[in-house]
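Engineer: Dropping the structure in here first, questions after.
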Amino acid sequence: MLGKLMKYDFKAMFRNLFPIYVALIVLTLVFSLMVKFNFDQGFLFSVFAFLFVAALNGSIVACVFFVVTRFSRGLLKNEGYLSFALPVSTSMHILAKVINAVIWAFIEGLMLCLCMLIMGTVMGSIKEVAEFFREVFQVFGLIEKDMLYAVLKVIVILIMEMIASICLIYAAMAVGHLFSRNQRMIAVAFLIVVCILRSFLLMSVIDLFGHSHITAYLHTDDLVMIIIPAIFAALYSTLTWFILDKRLNLE
């Protein structure tokens, strides 16, 4: 049943995001060719540059928007009647939404990397792209003898942070749904308060380990960097489950 829930959400997201990604790739290719052949002046170039930047940022915004919308419509709005009528537990519904959100966030990241690769290849500056990633790895202390391990480590950490962020957004939406008015404002306020509290908690953990600056968090034990977001994700998901299972009102 989990697979069926994910398949339904994935198709809904695909219908909305696929055209945006196609437009993004086309605009990236056209923009790169214009720069390569020195057609980088005039009104036409300005138009394509604007469209490229808009598509680049719009794809990120669209991905977040549709992830949030699918959760809201599927569990908090009218579709919730159908969703909760299925012989599926509340936790299964939440898990399906989280997994789908992670998948599409990963696809979004791949699309952005693909755009960079296209630009680097077309413009003949693939070495600069490689140098950029090398500098990013160096900033986060990921230049090690075993580069594969370093890449896998940062991917796992990013995935865990992504899951925690998605679970927090869902928890904020569920909290906002408890109120009859100003639901979005309450959800945003909850989101901000939790982010602030989490920052203070992380700073306390860093101080507890004897570190005095924020970058210390990036160099703590790998297991700690994975466990911390996992704990937060579990807390957010538990809150979401409790509200949807015990306090949900679709009237």
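Engineer: How do the pairs read when you match residues in region 96-117 that are touching a residue at least 60 places away in the same chain (Cβ under 8 Å) with residues anywhere that are of a type in the set (S, T, N, Q), using Cβ under 6 Å and keeping only pairs 6 or more apart or on different chains?
Structural biologist: 115/28
Engineer: Here's a check for you: in region 2-51, which residue that is closer than 19 Å to residue 120 by Cβ and among the polar types (S, T, N, Q) is modelled with the lowest pLDDT?
Structural biologist: At the first step, the residues of region 2-51 found to be closer than 19 Å to residue 120 by Cβ are 21, 24-40, 48-49.
Right, trim to among the polar types (S, T, N, Q) and you get 28, 32, 38.
Working: 28: 91, 32: 86, 38: 76.
Ranking the candidates gives 38 first.
Engineer: If only one of 84, 18, 52, 39 is free of Cβ contacts under 8 Å to residues at least 24 places away in the same chain and in a helix (DSSP H, G or I), which one is it?
Structural biologist: Criteria check complete, one pass: 18.
Engineer: Here's a check for you: in region 149-183, which residue that is surrounded by 13 or more Cβ atoms within 10 Å (Cβ to Cβ) and not hydrophobic (A, V, I, L, M, F, W, C) is farthest from residue 66 (Cα to Cα)?
Structural biologist: The extreme case among them is 153.
Engineer: Among (1) over 22 Å from the mean Cα position of the chain (by Cα); (2) at pLDDT 70 or above; (3) more than 23 Å from residue 102 (Cβ to Cβ); (4) not in a loop (DSSP other than H, G, I, E, B), which single condition is residue 127 missing?
Structural biologist: Condition (2) is where residue 127 drops out.
Engineer: Is it the case that residue 64 is out of contact with any Phe, Trp or Tyr (no Cβ under 9 Å at 6 or more places or on another chain), at pLDDT 85 or above and closer than 30 Å to residue 248 by Cα? Please lay out each step first, then the result.
Structural biologist: Working: out of contact with any Phe, Trp or Tyr (no Cβ under 9 Å at 6 or more places or on another chain): yes; at pLDDT 85 or above: yes; closer than 30 Å to residue 248 by Cα: yes.
Against the criterion (out of contact with any Phe, Trp or Tyr (no Cβ under 9 Å at 6 or more places or on another chain), at pLDDT 85 or above and closer than 30 Å to residue 248 by Cα), residue 64 qualifies.
Engineer: Looking at (1) part of a helix (DSSP H, G or I); (2) over 21 Å from the mean Cα position of the chain (by Cα); (3) in contact (Cβ under 8 Å) with a residue 12 or more places away in the chain, can you tell me which one residue 4 breaks?
Structural biologist: Every condition holds for residue 4 apart from (3).
Engineer: Pull out all pairs, ordered by first then second residue, where Cβ-Cβ is under 8 Å, the residues are six or more apart or on different chains, the first lies in region 182-200 and is modelled with pLDDT under 95, and the second is of a type in the set (Phe, Trp, Tyr) and part of a loop (DSSP other than H, G, I, E, B).
Structural biologist: Every condition considered, the pairs that remain are 186/179.
Engineer: Looking at this structure, is residue 46 free of Cβ contacts under 8 Å to residues at least 60 places away in the same chain and within 30 Å of residue 246 (Cα to Cα)?
Structural biologist: When the stated conditions are applied, residue 46 does not pass them.
The values are calculated or read from the model by the stated rules, or taken from the named source; none is laboratory data. Quantities reported herein were computed from a predicted structural model and do not represent experimental measurements. Cβ coordinates were reconstructed from backbone atoms using ideal geometry, including for glycine residues, and neighbour counts include every protein chain displayed.
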